[in-house]
Amino acid sequence: MPRRRRPALAAEAERANAEQLARLGRLVRASRRTRRWTQRQLGDRCQLSQSAISLVELGRGGTLSMDAWQRVATVLERPLRVDLGQDPIQPPVDAGHLAMQELVIRLGREAGYTGHFELPTRPSDPTRSTDVGLRDDRRRRLVQVECWNRPDDFGAGMRSTDRKRAEAEAFAVSRDGGLYTVSTCWVVRATKRNRAVVANYPELFGSRFPGSSHAWVRALTDGAEPPAEPGLVWCDVAATRLFAWRRPGTAQEGLMVRAPAPLVAARQHAEQA
């Protein structure tokens, strides 16, 4: 944010103070009158002078201390709240999730796909969407990618993915009437927690995502044909690369694809847990 000149800063602060003080003054006056107190009676209860209460109600209470304001608010049983607005440069709450979607869309574009952010799976209901949709009209492919930053209910996530795939298959038709092949893959942030969950349930995840993770990495990054079966691949914590999930009992290597672009602020705030 550019630094403001001192006169401009002072004028802006003065305008903001005047608005807040005027609003607070009106609230104090209304509460005092509701109680049928005089300004002196309110001042006595707050240990302030009648003139101080008068200044408050006139919107000129800027010289009163915070302690004095708190006494007025406490006597009137109206809690005084002093707060700061949202930091304009603070990353969004879902920064980690957005960084993963950004990576998948960029890698997909480089692999020849058209990427869609939050692709609707049911045209009549835009609230139903896939995190990332990768579409290849020439080869009539539609790849649904679900990005998981910190899943708390894997079962619900799996059911949601099944529903989205069924909806996509019902509407995945090209302009000439041809059907698209719909494939599904999970991209999961490789945090310690997520790795532990997947490692603790190898049979569950192995049966749910039987597609070759190595082949899925190549499909998402090189444009290779996606496996027919759903797959799971890892995304590093900083959301800079994808690599294969090595299932227990397999010799599948962990292919890594690194993002050449520098990390954005959202990725620096990626979840570490």
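The values are calculated or read from the model by the stated rules, or taken from the named source; none is laboratory data. It should be emphasised that the depicted structure is a prediction, and the values quoted were computed from it without experimental measurement. Here Cβ is always computed from backbone atoms with ideal geometry, including for glycine, and neighbour counts include all displayed protein chains.
Between 239, 215, 228, 190, which is of a type in the set (Gly, Ala, Ser), touching a residue at least 12 places away in the same chain (Cβ under 8 Å) and in contact with a Pro (Cβ under 7 Å, 6 or more places away or on another chain)?
Exactly one of 239, 215, 228, 190 is of a type in the set (Gly, Ala, Ser), touching a residue at least 12 places away in the same chain (Cβ under 8 Å) and in contact with a Pro (Cβ under 7 Å, 6 or more places away or on another chain), namely 215.
Please verify whether residue 45 is part of a helix (DSSP H, G or I), modelled with pLDDT of 90 or more and surrounded by 11 or more Cβ atoms within 10 Å (Cβ to Cβ), treating the condition exactly as stated.
Spelling it out, residue 45 is indeed part of a helix (DSSP H, G or I), modelled with pLDDT of 90 or more and surrounded by 11 or more Cβ atoms within 10 Å (Cβ to Cβ).
If residue 132 satisfies all but one of (1) surrounded by fewer than 24 Cβ atoms within 10 Å (Cβ to Cβ); (2) at pLDDT below 90, what's the number of the condition it fails?
So the condition that residue 132 fails would be (1).
Is there any pair with a first residue in the stretch 129-158 that is within 16 Å of residue 107 (Cβ to Cβ) and a second that is part of a strand (DSSP E or B) and of a type in the set (Phe, Trp, Tyr) whose Cβ atoms are under 6 Å apart and which are 6 or more apart or on different chains, and what are they?
Qualifying pairs under 6 Å: 146/186.
I want to confirm something. Restricting to the stretch 53-76 and keeping residues that are part of a loop (DSSP other than H, G, I, E, B) and either free of Cβ contacts under 8 Å to residues at least 24 places away in the same chain or on the phi < 0 side of the Ramachandran plot (or both), which single residue is surrounded by the most Cβ atoms within 10 Å (Cβ to Cβ)?
76
Quick check on the stretch 88-95. Is at least one of its residues assigned to a helix (DSSP H, G or I), closer than 30 Å to residue 221 by Cβ and not hydroxyl-bearing (Ser, Thr, Tyr)?
yes
I'm told residue 100 meets every condition in (1) over 15 Å from the mean Cα position of the chain (by Cα); (2) within 22 Å of residue 221 (Cα to Cα); (3) at pLDDT 85 or above except one. Can you identify the failing condition by its number?
So the condition that residue 100 fails would be (1).
Could you list, in sequence order, all residues of the stretch 142-168 that are within 15 Å of residue 205 (Cβ to Cβ) and of a type in the set (Ser, Thr, Tyr)?
Within the stretch 142-168, just 161 meets the criteria.
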